[in-house]
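These notes are about the structure you will find just below.
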Amino acid sequence: MPRFISAKPDSRLLPLPWETPLAEWPVNLLVALPRGLSRHVVRFIKVGDDVYAAKEVIDHLAQHEYRLLHALMRQGTPAVEPVGIITERGAVDGVPLDPILITRHLEFSLPYRSLFSPGVRQETVSRLLDAMVVLVARLHLIGFKWGDVSLSNILFRRDADTFAAYLVDAETGELHARLTRGQREHDIDIARTNLLGDFLDLQAGGLLQEKLDPLRLVDMVTSRYRELWNELTGVEEFSGGELDRIENRVRRLNALGFDVAELDIQTDADQETIRIQPMVVDAGHHSRRLMRLTGLDTEENQARRLLNDLDTYRWRTGQAHVDEAVVAHDWLTHSFQPVMNAIPAELRAKREPAQIFHEVLDYRWYQAQRECREVPLLEATHGYVRDVLSDLPDEELNLDVLAPVVEDRQLVNPYDPSMGYVEAGEEPPVDAWENQADDQPEASPFLDLAALRARAAAKARAKAESEARDTP
Amino acid sequence: MANVSFSDATRIYPNSDHPAVDRLNLEIGDGEFMVLVGPSGCGKSTSLRMLAGLEEVNSGRILIGDRDVTDLPPKDRDIAMVFQNYALYPHMTVADNMGFALKMQNVPKAERQERVLEAAKLLGLEDFLSRKPKALSGGQRQRVAMGRAIVRQPQVFLMDEPLSNLDAKLRVATRTQIAALQQRLGVTTVYVTHDQVEAMTMGDRVAVMKDGLLQQVASPLELYDRPGNLFVAGFIGSPAMNLIEGPIVSGGVQIGDYILPLSREVLAKASNDTSLTVGIRPEALEVAEQGIAVNVNIVEELGADTYLYSTLVGSTDQSVDGQQIVARTSARHKGRSSGTVRLAADPTQLHVFSNATQERLSD
Ligand SMILES: Nc1ncnc2c1ncn2[C@@H]1O[C@H](COP(=O)(O)OP(=O)(O)OP(=O)(O)O)[C@@H](O)[C@H]1O
Ligand SMILES: Nc1ncnc2c1ncn2[C@@H]1O[C@H](COP(=O)(O)OP(=O)(O)O)[C@@H](O)[C@H]1O
Ligand SMILES: [Mg+2]
Ligand SMILES: [Mg+2]
């Protein structure tokens, strides 16, 4: 009987056919959501209104990934949420089935395969790369070496005008107290190779905007990572007369979305030179502040936008001297909530609430520019629903975003993009190696001493022969 | 291609009071396949990671060829970590899947193609080069992944438990393939595994580690025939060597009611010991009239061999009595192996260890 290991069990998962290999599950239990490439069998399963991602993976990796995802969650790092592991799943033909790792499907996540596709704007690409770099740097800050940075292992979500990136595959990850430079460099090295492969693959499949050069994209990622890392952790030295550079550094980090929890400031004996280095920085400067004030859980740039609106609201309603928390509550009930209430229920799956609010603000700004007047928030909301939202695809469970990209081509397996598209007339070539391997007997668990002695003897013979050849 | 040398290389992790790798001295020859093996936590991965540039070296040096790489970043060391990640891209051909990373190193197209073709020949993948990878089997995918490392032509291959994520059957096949490939390529390789059978079947030489300390480096056969200390004796071999402790008596060691004779030379070296441990491999035991008394519990036939799983009897020492003894005998003894029997040890295949120093005393 299968065994469930879970911190937050969902009893609706129990009756699913765990004793069947995941690749053979009946399709009525699955949803064919777009997703990245994978080496393992990965399927999205639907229970009630919830969708989970299931990955069939050998035991020690399942345990490892489950634990790491928990660790990332505790640290507040953007990653998919681990739900549980199903082990002891029984056997097919005497071969036991690998465990299944369950994570919660990340709502509103956008599959990268459609994000870089023809028609995409250079600015969008740039923002996707930035989001990726921020994610990697955040992971490195907490001592996490990913070991498999790739487009397939990252999920993107809208974040105001930009994107937020989430980690989805922690299987190769390692959590250390602190990363060495070599470990970070190695991670970036792996990222470069993987991303180059990802972009070249998109290109080969006609899924990459023509103007984009894979090699250049990869170099951009590397150089941006270096810049960001330097800003986050680098030492800055200046003379005693430039004390404002301390505050500037903190402001720059805040603007990048990071809080400085510990700044190391050293002065030399005669106070001539000052040396500063951020020791502990935490991501989520704006989202934490918004969460504290309003309880809203948003991405960093959404938070920035909402906080700006909150500031404007405070000023406009003449509450400059009222406590910030009080104004925030007021803003929530008189600005944010009414906009949400004005969104028809059937359209709410198209965008996250904070993203909708951000887009309404944008809509209002353009309308105000166009009509040279101040537009009330609710009026803008109705206009936005009518002109924008109703035509957008559903992004909560992003079913059709992929559709325009594949057009006349058909995935070999609608549940697994790793197999590529159907192509005509393909007979696999004969593989001498594989045929040979099939003929080999099962290896014994014991050490084959006879083989060992034979090998040693052959080696000694070869050595003697080559020596005989060398000495004429 | 190059040799690799660790000299007094030490790694102490932050917040740890003892070294994970303690003054490692290891010379790996040009083109050699060196396997690091040992129980979990012994420091083998840390050693490999120091060589890769992923862990700091707190003291000591590491050289690749005659270059001191101790402080170089990983990408400047001309090494390749194999099997870390081997995603295959569905829209690219097998050839492109193998060769694309060379684009980052500005290798000209003609040379890229040449290197890919050469690797494909080595891997038996020539006929697949223009195919898409979707129809490849697990084993073929592994080979494409190896190809990706081969085309880079690094000075050293590093592999950390590369087979641990494969199922049992693929593991055995891949093991053979890697060893054969390495031999043909002749690229210096450092390979980490906790599995001694894997280590012994693959390595030109095997370095056994325990608690951060190198125990012995030798060819598989030498490790098997002449383990240098008690740890190596117990660790190498499957089924494991029988290690039987007994007090020194005149002419040998007392085991139960039997005195196992030992040579004068060995006993002379044991002047600081009151008791010794005798190691006897299962195949060095035969059922006989005279010998160590055991109770046979299970008889198992595997091919031409019969394995007797038994327990020592007749000792007054509680800790020794009941110890498991495994013997591998030829099949003709089968009829007699039940109840209490005596096992005679081949006197030319005895391994004698000092209990005081754990070191080998016999030749
Ligand atoms: N919780 C989730 N929410 C949304 N998408 C997910 C989730 N889990 C997995 N996916 C999708 O499934 C794909 C494959 O999952 P995953 O990366 O874990 O598999 P894998 O076999 O370990 O991949 P790799 O080959 O990179 O090791 C991802 O690229 C992602 O698109
Ligand atoms: N990042 C780390 N931080 C602290 N201790 C570590 C770290 N990695 C390994 N160790 C410790 O160092 C020792 C050797 O580990 P490792 O090299 O991984 O051994 P092996 O590969 O032989 O299993 C172990 O005691 C382990 O707990
Ligand atoms: Mg993945
Ligand atoms: Mg993975």
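How much length is gained on full extension from A:Arg67 to A:Arg181, taking 0.36 nm per residue of separation minus their Cα-Cα distance? Numbers along the way, then the final one.
Values: separation 114, 0.36 × 114 = 41.04 nm, distance 2.47 nm.
Value of the extension gain: 38.6 nm.
Less than 19 Å from a label point 7 Å out along the Cα-to-Cβ axis of A:Arg74: which backbone N atoms in the range A:1-22 qualify, by residue?
A:5-9, by backbone N distance to the label point.
Using +1 at the C-beta of Lys and Arg and -1 at the C-beta of Asp and Glu, which of A:Asn248, A:Thr267, A:Phe238 has the Cα lying farthest in the positive direction of the dipole of the range A:237-278?
Toward the positive end, the furthest listed residue is A:Asn248.
Sequence-distant or interchain residues sharing an amide H contact under 5 Å with B:Met81, placed H: which?
Under 5 Å from the amide H of B:Met81: B:Leu158.
Using the Kirkwood formula on the Cα atoms of the range B:255-310, what hydrodynamic radius do you get, in angstrom to one decimal? Before the final figure, lay out the partial values.
Working: mean 1/r = 0.0723 Å⁻¹.
Hydrodynamic radius (Kirkwood, Cα only) of the range B:255-310 equals 13.8 Å.
Regarding the range A:110-233, what is the average projected area of its C-alpha convex hull, in nm²?
7.2
I need the Debye-formula profile for chain B: one equal scatterer per C-alpha, no solvent, reported as log10 I(q)/I(0) at q = 0.11 1/Å, two decimals.
Once normalised to I(0) and log-transformed, intensities are -0.86.
Nearest-5 percent of antiparallel DSSP beta bridges in the protein assembly as shown?
85
Work out how far the C-alpha atoms of the protein assembly as shown reach from end to end along every principal axis, then list the three figures in whole Å, largest first.
So the extents along the principal axes, rounded to whole Å, are 110, 78, 64.
5 Å is the cut-off here: which amide hydrogens, built 1.01 Å from N in the peptide plane, fall below it relative to B:Ile255, excluding neighbours closer than 5 in sequence?
Placed amide hydrogens put B:Leu260 under 5 Å from B:Ile255.
Given Cβ point charges of +1 (Lys, Arg) and -1 (Asp, Glu) and nothing else, what value in debye, to the nearest 20, does the dipole of the range A:3-105 about its Cα centre take?
It comes to approximately 340 debye.
Quote the convex hull volume per residue of the range A:3-105, based on C-alpha atoms, as a whole number of Å³.
Considering the Cα atoms of the range A:3-105, their hull volume per residue is 110 Å³.
Show me, for the range B:302-312, the HN-Hα J-couplings you get by feeding each phi into the Karplus relation (A = 6.51, B = -1.76, C = 1.60, θ = phi - 60°), rounded to Hz, glycine and proline as x.
10, x, 7, 9, 10, 9, 9, 9, 9, 10, 5
Could you give each residue of the range B:214-228 its phi-based ³J(HN,Hα) in whole Hz, using Karplus coefficients 6.51, -1.76, 1.60 with θ = phi - 60°, and x for Gly or Pro?
6, 8, 6, 10, 6, 5, x, 5, 5, 4, 6, 7, 9, x, x
When only DSSP loop residues count, what GluC sites (Glu not before Pro) in the range A:209-241 have their Cβ near at most 10 other Cβ atoms within 10 Å?
A:Glu210
Amide H of B:Asn58 versus every other amide H placed in the peptide plane: which residues, excluding those fewer than 5 positions away on the same chain, fall under 5 Å?
So B:Asn58 has HN proximity to B:Thr10, B:Arg11, B:Ile12.
Hey, what number do you get for the protein assembly as shown at 222 nm if only DSSP H runs of n ≥ 4 count, each worth -39500 (n - 2.57), divided across all residues, to the nearest 500?
Working: 24 runs with 286 residues, N = 835.
Per the formula, -10500 deg cm²/dmol.
With respect to the cross-link table entries A:Lys145/B:Lys75; B:Lys44/B:Lys210; A:Lys8/A:Lys145, which display a Cα-Cα separation exceeding 19 Å?
Among A:Lys145/B:Lys75; B:Lys44/B:Lys210; A:Lys8/A:Lys145, the Cα-Cα distance tops 19 Å for A:Lys8/A:Lys145.
Rounded to whole Hz and in sequence order, give me ³J(HN,Hα) for the range A:74-89 from the Karplus expression 6.51 cos²θ - 1.76 cosθ + 1.60, θ = phi - 60°, writing x for Gly and Pro.
For the range A:74-89, the Karplus curve yields 4, 7, x, 8, x, 8, 5, 8, x, 10, x, 10, 10, 10, 6, 8 Hz.
R0 = 56 Å: FRET efficiency of B:Asn272 with A:Ser466, Cβ-based, nearest 0.05?
About 0.80, to the nearest 0.05.
In nm, what is the difference between 0.36 nm times the number of residues separating A:Val412 and A:Glu396 and their Cα-Cα distance?
Details: separation 16, 0.36 × 16 = 5.76 nm, distance 2.51 nm.
Result for the pair: 3.2 nm of gain on full extension.
Across peptide A:181-192, how many C-beta atoms of other chains are within 10 Å of each residue C-beta, on average?
Details: counts 6, 13, 7, 3, 6, 9, 2, 3, 6, 4, 0, 3.
Mean number of neighbouring Cβ atoms from other chains: 5.
Could you size up the charge dipole of chain A around its Cα centre, putting +1 on the beta carbon of Lys and Arg and -1 on that of Asp and Glu, and report it in debye to the nearest 20?
660
Semi-axes of the equivalent ellipsoid of chain A: what are they in whole Å, largest first, if each equals the square root of 5 times a C-alpha gyration tensor eigenvalue? Write down the numbers at each step before the final one.
Numbers: eigenvalues 437, 215, 104 Å².
With the √(5λ) rule applied to chain A, the semi-axes are 47, 33, 23 Å.
Roughly how many nanometres apart are two label points built 7 Å out from the Cα toward the Cβ at A:Thr20 and A:His321?
7.0
Size of the dipole of chain B about the Cα centre, Lys and Arg at +1 and Asp and Glu at -1 on the beta carbon, nothing else charged, in debye to 20?
The dipole of chain B has a size of about 1500 debye.
Quick note: the coordinates plus some simple rules give every number you see, no bench work behind them. Values in this document were obtained by computation on a predicted structure and should not be read as measured data. Glycine gets a Cβ as well: all are built from the backbone with ideal geometry, and neighbour counts include every protein chain shown.
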